[in-house]
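What follows is a single structure, written as structure tokens, with notes after it.
The values are calculated or read from the model by the stated rules, or taken from the named source; none is laboratory data. The structure presented is a predicted model; accordingly, all values stated were derived computationally and were not measured. Using ideal geometry, Cβ is built from the backbone for each residue, glycine included, and neighbour counts are taken over all protein chains shown. What goes into the accessible areas is simple: the full protein's heavy atoms, side chains included, and nothing from ligands, DNA or RNA. Shrake-Rupley method; radii C 1.70, N 1.55, O 1.52, S 1.80 Å.
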Amino acid sequence: MDEALLRSLTPGVLAVLVRRGADFAAAEDAVQDALVEAIRVWPADPPRDPKGWLVTVAWRRFLDATRADAARRRREDLVDEEPPPGPVPAVDDTLQLYFLCAHPSLTPSSAVALTLRAVGGLTTRQIAQAYLVPEATMAQRISRAKRTVSGVRFDQPGDVATVLRVLYLVFNEGYSGDVDLAAEAIRLTRQLAAAIDHPEVAGLLALMLLHHARRAARTAPDGALVPLAEQDRGRWDTTLIAEGIEILQAALARDRLGEFQAQAAIAALHADAPTAGETDWVQIVEWYDELARLTDSPVVRLNRAVAVGEADGPRAGLAALAGLDDSLPRYAAVAAYLHERDGDLATAARLYAEAARMAPNLAERDHLTRQAARLNARRGR
């Protein structure tokens with residue numbers, strides 16, 4: 001069973017049901033039922049038109065659920081509207097569905113969570129990690145969002161800022177390797193950039209391209225993570241880097257700075273350095289200052305502490321770290337790195353081991369465990 005195919009078809013099938021009058025929550029349930037049926041049936045009897053098959057089965061499941069409702073007259077109308085069998089036009093509904101999920105009746109955070117779960121294919125756990133909240137809290141938020149949009153008309157699409165936030169989080173989760181959605185997020189952001197003349201859309205596209213350009217160098221052949229400073233820059237995609245920098249420069253020239261443009265500027269400075277030692281850390285700190293002003297994000301300040309440590313020395317980095325909450329994700333890893341650079345190997349080894357226990361994925365956990373073991377071996381010599 002090709003799970004990637006099912007995942008790619010899901011947004012379009014969901015969009016068809018919503019356009020035909022299904023409320024969002026019921027449509028999502030029907031699509032999930034159709035996916036389960038596809039997993040059962042397709043291995044022995046694959047359809048010639050997978051999307052058309054899913055639309056037909058999902059619509060029938062929706063109608064079955066609707067018939068169990070009290071609104072019989074509406075159910076009879078919906079039966080008459082059942083789509084005929086046959087091929088479904090190859091229309092990409094995914095980006096439209098992102099906008100529909102960013103409904104004005106939802107808060108931006110709820111709209112993002114709902115879209116990531118329903119369209120992006122992320123699990124509740126992954127979304128909770130991205131928002132730094134417990135999984136149970138995020139599950140409640142998504143459930144409330146579904147109840148809010150249940151029965152509303154999806155004729156008032158949400159704003160661009162919410163859609164950008166969703167695309168960015170989908171890309172980040174795909175880029176981590178846990179769910180491979182990075183290329184899909186880039187594709188949708190390219191579509192959005194072609195449709196909307198907006199500097200932050202351009203900034204997000206530039207940021208994605210600059211990060212994606214380094215993807216091949218991020219892991220060793222055995223799957224181990226390779227830190228930025230140790231990556232083989234010859235494996236970076238220079239075509240994507242050039243495109244990302246060109247898009248970013250055009251966006252910055254409009255003098256309407258936003259957080260995605262600031263992040264892209266930081267990524268561009270990394271991409272532009274011939275070697276790790278030639279990275280312009282002073283400029284990177286200045287861009288982090290701009291980014292912190294725009295977002296007031298503790299994660300931004302955590303990353304800024306690393307840049308300060310590179311620009312002004314590890315003790316300056318540790319001083320920048322001191323004002324942050326030590327429960328932040330990757331705080332222990334950053335503190336370990338700065339302590340190692342400052343020569344405190346015992347503290348660094350302890351913090352690397354602590355960071356490994358809290359790592360969000362196996363590759364990161366293994367990398368941090370190896371860092372701790374390396375320092376402990378050095379101390380034992």
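Structure data summary
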| item | result |
| --- | --- |
| Total residues in the stretch 130-141, condition surrounded by fewer than 20 Cβ atoms within 10 Å (Cβ to Cβ), outside any loop (DSSP other than H, G, I, E, B) and at pLDDT 70 or above | 5 |
| Candidate set from the stretch 156-174 (those that are open to solvent by 30 Å² or more (accessible area, probe 1.4 Å) and modelled with pLDDT under 65); member that is nearest to Ala4 (Cα to Cα) | Pro157 |
| Single match in Asp289, Asp272, Asp366 (criterion: out of contact with any His (no Cβ under 8 Å at 6 or more places or on another chain) and over 25 Å from Ala220 (Cβ atoms)) | Asp289 |
| Qualifying residue in the stretch 298-309 (condition: within 21 Å of Met208 (Cβ to Cβ), modelled with pLDDT under 95 and either hydroxyl-bearing (Ser, Thr, Tyr) or surrounded by fewer than 21 Cβ atoms within 10 Å (Cβ to Cβ) (or both)) | yes |
| Condition broken by Pro274, with the remaining ones in (1) part of a helix (DSSP H, G or I); (2) under 26 Å from His367 (Cβ atoms) satisfied | (1) |
| Residues satisfying the stated conditions in the stretch 28-63, i.e. of a type in the set (S, T, N, Q) and open to solvent by 70 Å² or more (accessible area, probe 1.4 Å) | Gln32 |
| Residue satisfying all of: in the stretch 273-282; out of contact with any Ser or Thr (no Cβ under 9 Å at 6 or more places or on another chain) and under 17 Å from Ile241 (Cβ atoms); most open to solvent (accessible area, probe 1.4 Å) among these | Glu278 |
| Near pairs, Cβ below 8 angstrom, 6+ apart or cross-chain, from the stretch 25-46 (of a type outside the set (A, V, I, L, M)) to any residue that is not in a helix (DSSP H, G or I) | Trp42/Met1; Pro43/Met1 |
| Any chance Ala25 is aliphatic (A, V, I, L, M), open to solvent by 60 Å² or more (accessible area, probe 1.4 Å) and either in contact with a Ser or Thr (Cβ under 8 Å, 6 or more places away or on another chain) or not in a helix (DSSP H, G or I) (or both) | no |
| Any hit, the stretch 185-197, residues being touching a His at 6+ places or on another chain (Cβ under 9 Å), open to solvent by 40 Å² or more (accessible area, probe 1.4 Å) and not assigned by TED's automatic domain parsing to the domain that holds Asp289 | no |
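Conditions tested, residue by residue: (1) aliphatic (A, V, I, L, M); (2) farther than 30 Å from Arg370 by Cα; (3) buried (at least 17 other Cβ atoms within 10 Å of the Cβ).
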site	(1), (2), (3)
Arg214	no, no, yes
Asp232	no, no, no
Ile245	yes, yes, yes
Ala253	yes, yes, no
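Yes/no matrix, rows are residues, columns are (1) touching a residue at least 40 places away in the same chain (Cβ under 8 Å); (2) closer than 22 Å to Thr123 by Cβ; (3) outside any helix (DSSP H, G or I):
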| position | (1), (2), (3) |
| --- | --- |
| Leu167 | yes, yes, no |
| Leu209 | no, no, no |
| Ala216 | no, no, no |
| Ile241 | no, no, no |
| Arg256 | yes, no, yes |
| Phe260 | yes, no, no |
